[in-house]
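K.L.:
First, the structure itself, so that you have it in front of you.
The values are calculated or read from the model by the stated rules, or taken from the named source; none is laboratory data. These numbers come from a predicted model, not from an experiment. Cβ placement follows ideal geometry from the backbone for every residue including glycine, while neighbour counts extend to all protein chains displayed.
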Amino acid sequence: MMAIADRQETITKLIGFSAPYLNAANQEKQELLEIRSVHERGIKFLDHLIKQKESMKLQIEMANKFAESTNKQYRHAMLRQQMKEIQKELDEDKSEKKEKKDYRQMVEEADLPEYAREAALEEVDKLEAQGPNGHEEGMIKTYLDLILALPWNEKSDSEIDLKFAREVLNRDHYGLEKVKDRIVQHLAVMKLTEKKRGTILLFEGPPGTGKTSLGKSIAEALGRKYVRVSLGGIRDEAEIRGHRRTYIGALPGRIISEMKKAGQRDPVFVLDEVDKLMTAYSGDPASALLEVLDPEQNDSFSDRYLDIVFDLSDVLFIATANTVSSIPAPLLDRMEVISISSYTNTEKFHIGRDHLIPAVLDEHGLNTDKLQISDEALRGVIEKYTREAGVRGLKKQLAKIARVSSEKIVNGDIELPIRVTTEQLEDILGRKTVRLEDALKDDFPGVVTGLAWTPVGGEILFIESTFMPGKGELVLTGQLGDVMKESARISLSLIRSRLANQITHFDFAVNDIHIHVPAGSTPKDGPSAGITLFTSLASLLTGRAVDTKTAMTGEITLRGTVLPVGGIKEKVLAAHRAGIKRIIMSSENKNDLQDIPEETANAIEFNFVDRIEDVIDLTLDIKLPEQVILDFSESTGEMKTQ
Ligand SMILES: Nc1ncnc2c1ncn2[C@@H]1O[C@H](COP(=O)(O)OP(=O)(O)OP(=O)(O)O)[C@@H](O)[C@H]1O
Ligand SMILES: [Mg+2]
């Protein structure tokens, strides 16, 4: 543009060319060009230029000012940002320092035993030596947090009050008088000796008999914290004693984590289902548990993660198990076993009415203004809808009643309270599930009722024998163990030697004998079915039926002696539940009946026997001559061990 302006040779041309670019209104520009005198026109043009320059100056000044101010703002923003960053860094540094300082301070101020403090301070040193984002930082802090949270010295300050303890036990559990006595005695000893090294209680008994819930009551009775580990699901020693910290994601074991949770060093610690641990565990469960439970060594329990010893000697350990048979002797030695047996129907009724129904109503947000279950209905549920040693199934059925009722209440169209009577049970719970009485109705030669003991309580079982064309073989089915198979062979030999002249219509030479023990899928073993097997064969071969409401248990010898067996109490309770009227057992088992509840003892006739001749007499009404020593020369059957 300047170049074009340069090319304008006269002032007139220059003004003519430049005028449109002037910073003036069009009217003014027109007036400028209309000035006739070149001189005046030139002066006016200059005026315009000067004016324009002034305004330009102003503009520039303003622009400068503007630039200056924006610059300032920008710079300020920049500075502020920088300041923030610096502050952040400063803060971080500060908090770094603060945390480090805190851990050190916390460890120094915490109530720790000296060795724990030393170990913790070593970790604090490591933490401080780490850079701000050291990769072990998190790990060290987690470890320090554990040390700081463990109850090294904190204790419940409650005194043992026996009266209160018994009150709590009675409040939470019906019956179990002997068990409660033993517990209170144990507490008394604890109080008297104030000994640090307490024994460990082991509650043994069938499922649903209150073992676990007793543990909780004891904690409350003592005013101590309650923690529980279910050992049933534990397969790996690390779950009990932790992983070394060198493992990624290492954790302390359950014992130490529960102690942390308890927050006091003298909680009641329930080790639930110790017997299950033994069966599922790979490795050496006994040694891991010994360290926990053995009063001689549990003041220095070592968890691999914690890496320093922790004193468990103030803990009151309570173990529970369905059977002690799978617990290794060294472990069992250190525990005081308290057996809890099955409940009778009357006991179940009281537990149901006084404990389970209120608990179930509460759990479902109901009360007796809304739902009432009649006593008769409760008895009906116990007798017809459950067949169990404990009361867990009963509680489930009651919960079902509560659920169904809740639905009706929410739907609205029902008059409150809902009253559940026996008639409504089938509507609510469906067809009754227990049909044992039917099985006991018919007597066949060869079918005899036996009694068995299992970890879930006593059971009645039926031993069935039949024969078919063959050549004198004995077939056994129903997953019988070796001992039971031997009992069957002993029985057969005994019968062939002792009962030969009673067996008139059976020829061993052309028949096979088949013995089956349902339920076929459950493995069974043990010698206690001896007299049942014997009676079943005797019944089959003589063609005489035995009353199925008569049950029996006992081992037999080849000489025909009936020996005592174990598990009598559970067996008798199961027999009572199943409607058995008479039980035959060895006279040496008489003493085992002492603590059978009266209700059961009165409902059953007990026959005590010493020899199989007595059994034959009682069941088949066959009287054999007295024969103390088996005389082989008299036997007509061919003695052949198979
Ligand atoms: N005597 C009783 N009085 C009151 N309630 C009882 C009694 N016995 C058992 N219960 C109740 O029955 C339920 C089952 O009991 P719990 O869980 O303690 O059984 P358990 O013996 O530990 O069984 P498992 O061997 O299967 O673990 C609990 O709700 C418990 O409170
Ligand atoms: Mg339990």
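K.L.:
Here is a list of conditions, (1) without any contact (Cβ under 8 Å) to a residue 40 or more places away in the chain; (2) assigned to a loop (DSSP other than H, G, I, E, B), and E154 meets all of them except one; can you say which number that is?
P.N.:
If we test E154 against (1) without any contact (Cβ under 8 Å) to a residue 40 or more places away in the chain; (2) assigned to a loop (DSSP other than H, G, I, E, B), just (1) comes out false.
K.L.:
How many residues, within the range 432-462, are of a type in the set (S, T, Y) and either at pLDDT below 85 or over 12 Å from M552 (Cα atoms) (or both)?
P.N.:
Of the residues in that region, 2 qualify.
K.L.:
From the set of residues in the range 206-236 that are more than 9 Å from ligand 1 (Cβ to nearest atom) and among the hydrophobic types (A, V, I, L, M, F, W, C), which is modelled with the highest pLDDT?
P.N.:
Among them, the one singled out is V227.
K.L.:
Considering only the range 351-413, give the helices (runs of 4 or more DSSP H) lying wholly within it that have at least 2 residues that are within 16 Å of ligand 2 (Cβ to nearest atom).
P.N.:
Result: 392-411.
K.L.:
Still on this structure: Only one of (1) touching a residue at least 60 places away in the same chain (Cβ under 8 Å); (2) under 44 Å from the mean Cα position of the chain (by Cα); (3) surrounded by fewer than 15 Cβ atoms within 10 Å (Cβ to Cβ) fails for W453. Which number is that?
P.N.:
Unmet for W453, out of (1) touching a residue at least 60 places away in the same chain (Cβ under 8 Å); (2) under 44 Å from the mean Cα position of the chain (by Cα); (3) surrounded by fewer than 15 Cβ atoms within 10 Å (Cβ to Cβ): (3).
K.L.:
Within the range 561-577, can one find any residue that is of a type in the set (A, V, I, L, M, F, W, C), part of a helix (DSSP H, G or I) and without any contact (Cβ under 8 Å) to a residue 40 or more places away in the chain?
P.N.:
yes
K.L.:
Identify the single condition in (1) more than 16 Å from ligand 2 (Cβ to nearest atom); (2) buried (at least 18 other Cβ atoms within 10 Å of the Cβ); (3) among the polar types (S, T, N, Q) that T209 does not satisfy, given that it satisfies every other one.
P.N.:
Answer for T209: the failing condition is (1).
K.L.:
Next question, about the same structure. With the checklist (1) within 16 Å of ligand 2 (Cβ to nearest atom); (2) surrounded by fewer than 23 Cβ atoms within 10 Å (Cβ to Cβ); (3) of a type outside the set (S, T, N, Q) in hand, flag the one item I318 doesn't pass.
P.N.:
(2)
K.L.:
Now a separate question. Sort through M259, M278 and tell me the only one that's at pLDDT below 85, within 23 Å of L316 (Cα to Cα) and of a type in the set (A, V, I, L, M, F, W, C).
P.N.:
None of the others qualify; the one that does is M278.
K.L.:
I've got another one for you. What are the residue pairs meeting all of these: first residue in the range 211-226, first residue under 18 Å from M259 (Cα atoms), second residue outside any helix (DSSP H, G or I) and within 16 Å of ligand 2 (Cβ to nearest atom), Cβ atoms under 6 Å, and 6 or more apart or on different chains?
P.N.:
Hits for this filter: G215/V270; G215/I318; K216/Y226; I218/V268; A219/Y226; A219/V268; R224/V268; Y226/V268.
K.L.:
Can you tell me how many residues within the range 578-608 are in contact with a helix residue (DSSP H, G or I) (Cβ under 8 Å, 6 or more places away or on another chain), surrounded by fewer than 23 Cβ atoms within 10 Å (Cβ to Cβ) and assigned to a strand (DSSP E or B)?
P.N.:
3
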